[in-house]
Amino acid sequence: MLLKAPTSEPPWGFSICHDADLGPGTVYPILERLADRNWVRSWDETEPHPGRPPRRFYELTGTGREKATAALAARAAKRSRFGLRPLGGSA
């Protein structure tokens with residue numbers, strides 16, 4: 001989701017939790033670790049947000065995009081070595 005997100009529509013924390021089907025107790029610590037490594041940058045919503053707290057948006061930095069792309073390629077190669085289909089698609 002971070003890798004595929006258009007710059008004009010960055011995902012926010014809860015949407016990442018929803019898309020990943022993971023709870024905030026898993027997702028937010030991961031996002032914080034990625035931010036500590038400068039792989040992700042984040043910022044708070046500045047537009048009005050009546051009835052809810054401001055969203056925190058996330059996007060990959062250049063380094064983060066490189067690392068994510070490399071990690072996905074390594075995972076695909078490993079799955080291929082074991083004769084497994086690629087994740088998220090057909091054979």
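The values are calculated or read from the model by the stated rules, or taken from the named source; none is laboratory data. Since the structure is predicted, the reported quantities are computational estimates derived from the model, not experimental observations. So basically every Cβ, Gly included, is an ideal-geometry build from the backbone, and we count neighbours across all protein chains shown.
Suppose we filter ARG65, ARG55, ARG41, ARG81 for residues that are exposed (fewer than 14 other Cβ atoms within 10 Å of the Cβ) and out of contact with any helix residue (DSSP H, G or I) (no Cβ under 6 Å at 6 or more places or on another chain); which single one remains?
Working: ARG65 fails: exposed (fewer than 14 other Cβ atoms within 10 Å of the Cβ); ARG55 fails: exposed (fewer than 14 other Cβ atoms within 10 Å of the Cβ); ARG41 fails: exposed (fewer than 14 other Cβ atoms within 10 Å of the Cβ).
Unique residue meeting the criteria: ARG81.
When segment 52-82 is filtered for residues that are assigned to a loop (DSSP other than H, G, I, E, B), of a type outside the set (A, V, I, L, M, F, W, C) and without any contact (Cβ under 8 Å) to a residue 24 or more places away in the chain, the ones remaining, listed by number, are ARG52, PRO53, PRO54, THR61. Just checking, how many residues over segment 1-38 are exposed (fewer than 10 other Cβ atoms within 10 Å of the Cβ), under 18 Å from ALA68 (Cβ atoms) and at pLDDT 95 or above? Adding up the residues that qualify gives 1.
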